[in-house]
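Below: one structure, written as structure tokens.
The values are calculated or read from the model by the stated rules, or taken from the named source; none is laboratory data. A quick note: this is a predicted structure, and the numbers were derived from the prediction, not measured. Virtual Cβ from ideal backbone geometry, glycine too; neighbours counted across all protein chains shown. Heads up: the accessible areas ignore ligands, DNA and RNA and are worked out on the full protein's heavy atoms, side chains in. Shrake-Rupley method; radii C 1.70, N 1.55, O 1.52, S 1.80 Å.
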Amino acid sequence: CGTLDGAPVVLLLRTRDLFSLPFPLTPPLVTSLSIQASLRGWRLRLLPDSFPQSRRPPPSAHALWKARNSLEKRRRALMELFGLKLEVLPDGARRWHGCDKDTPRCFGTVRSQTPQYLLAGRWTPPCCLRALRATVRHVVAELEAAGVRYWLEGGSLLGAVRHGDIIPWDYDADLGFYREDVPKCRWLAAVASGGRPVEDPQGFLWEKAAEGEFYRVHFSRINRLHVDLWPFYVRRGGVMTKDTWLGHRQDVEFPERFLVPLGALEFAGVVAKAPNDPRAFLELKFGPGAIENPEYPNPEVRRLAQDVDAR
């Protein structure tokens, strides 16, 4: 009954259907049942005038405030219970329930290049993608302003070529840059000289990665969604190399000609620098057909086909 939510609604459905739901009586009831019904493909018909409420004295302003506050708390608790990170409201407005700068990211340590949400058959939570995009835009702006020669690397370049954005199941972003340009960026220079993390005025945390000779920019001290910055340099024969190799498929040297001159691609809401022949660059790193044949970072743990077929 909608009176549990303070709404003039009566919902009629079979008892066995109601109790087949994982959360049949979780308040706020109308919202809870609507979400669960939509996931099962059930269609609800609203008959607003069929079951009018009985006459009641008008509530006081304080009673209205308490009711709204209580309903909002129940809604937030419901979204947390369901694991929903984003609500798109009827007027198109968005209400976020996931992580932000003051909370940890929505997933734990990534193992075998496979985050927890992929193991559960889900893609990157929208709040995490929002934080990653904000971090990318911030880092690109800082590097551009400092005159650092950088470019989209690895999976970030794949995402830019495929659809101009972060790959929908990715958990970080990657940029390469010329190692000799470290002194140009005050944040990279401060980390390189001091050896300690540096927080900039916008709350992004710059640090040297514990795994090797590269840098990392986090969304915040608490929220560790990040952009990896890989310092490359030219060795004999005009080949770009670096000092840390993590054994990823795309971790290979490449000719500097891909960077002279640099190109540009849309990515995460900005126009970012990129290799001048993205297709050839990606096929050198990932193999032929890398753009047209998407796959998860570690198919031995989980394959994209498992989730695409389910969708």
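Under the condition of being within 15 Å of the chain's Cα centre (by Cα) and more than 19 Å from PHE23 (Cα to Cα), which residue from the stretch 76-96 is least open to solvent (accessible area, probe 1.4 Å)?
Residues of the stretch 76-96 within 15 Å of the chain's Cα centre (by Cα): 83-86, 96.
Within this subset, residues satisfying the condition of being more than 19 Å from PHE23 (Cα to Cα) are 86, 96.
Details: LEU86: 46, TRP96: 68 Å².
In this case the residue turns out to be LEU86.
Can we say ASP181 is closer than 15 Å to ALA274 by Cα and surrounded by 15 or more Cβ atoms within 10 Å (Cβ to Cβ)?
Numbers: closer than 15 Å to ALA274 by Cα: no; surrounded by 15 or more Cβ atoms within 10 Å (Cβ to Cβ): yes.
So ASP181 does not fit the description; no.
Here is a check on your reading of the model: is PRO104 outside the structural domain of TRP245 (by the TED database) and at pLDDT 95 or above?
Working: outside the structural domain of TRP245 (by the TED database): yes; at pLDDT 95 or above: yes.
Yes: the conditions hold for PRO104.
Looking at the stretch 230-256, which of the residues that are among the aromatic types (Phe, Trp, Tyr) and under 17 Å from TYR215 (Cβ atoms) is least open to solvent (accessible area, probe 1.4 Å)?
Among those residues, the one meeting the criterion is PHE232.
Give me a count of the residues in the stretch 17-39 that are touching a helix residue (DSSP H, G or I) at 6+ places or on another chain (Cβ under 6 Å) and closer than 18 Å to GLU72 by Cβ.
6
I'm trying to understand the selection: among the residues of the stretch 139-150, which are hydrophobic (A, V, I, L, M, F, W, C) and either free of Cβ contacts under 8 Å to residues at least 60 places away in the same chain or surrounded by 20 or more Cβ atoms within 10 Å (Cβ to Cβ) (or both)?
VAL139, VAL140, LEU143, ALA145, ALA146, VAL148
Please list, ordered by first then second residue, the pairs with beta carbon atoms under 7 Å, 6 or more apart or interchain, first in the stretch 14-29 and modelled with pLDDT under 90, second open to solvent by 30 Å² or more (accessible area, probe 1.4 Å) and among the basic types (Lys, Arg).
PRO27/ARG74; PRO28/ARG74; PRO28/ARG75
May I ask you to list the residues in the stretch 56-75 that are surrounded by 11 or more Cβ atoms within 10 Å (Cβ to Cβ) and of a type in the set (Gly, Ala, Ser)?
Of everything in the stretch 56-75, those that are surrounded by 11 or more Cβ atoms within 10 Å (Cβ to Cβ) and of a type in the set (Gly, Ala, Ser) turn out to be ALA67, SER70.
Looking at the structure I just gave you, is GLU153 without any contact (Cβ under 8 Å) to a residue 60 or more places away in the chain and either assigned by the TED database to the domain that holds GLU211 or farther than 21 Å from GLU295 by Cα (or both)?
The answer is no for GLU153.
Would you mind listing the strands (runs of 3 or more DSSP E) fully within the stretch 193-311 where at least 2 residues are under 23 Å from the mean Cα position of the chain (by Cα)?
The qualifying strands (runs of 3 or more DSSP E) are 205-208, 215-218, 226-235, 263-267, 270-274.
Six or more apart or on different chains, Cβ atoms under 9 Å: show the pairs whose first residue is in the stretch 256-276 and assigned by the TED database to the domain that holds TRP151 and whose second is of a type in the set (Ser, Thr, Tyr).
Pairs that qualify, where the first residue is assigned by the TED database to the domain that holds TRP151 and the partner is of a type in the set (Ser, Thr, Tyr), are LEU259/TYR178; LEU262/TYR150; PHE267/SER156; ALA268/THR135; ALA268/SER156; ALA272/TYR150; ALA272/SER156; LYS273/TYR150.
Scan the stretch 25-46 residue by residue and report those that are among the charged types (D, E, K, R) and more than 28 Å from the chain's Cα centre (by Cα). It would help to see each step written out before you state the result.
First, the residues of the stretch 25-46 that are among the charged types (D, E, K, R): 40, 43, 45.
ARG43, ARG45 - these are the residues of the stretch 25-46 that are among the charged types (D, E, K, R) and more than 28 Å from the chain's Cα centre (by Cα).
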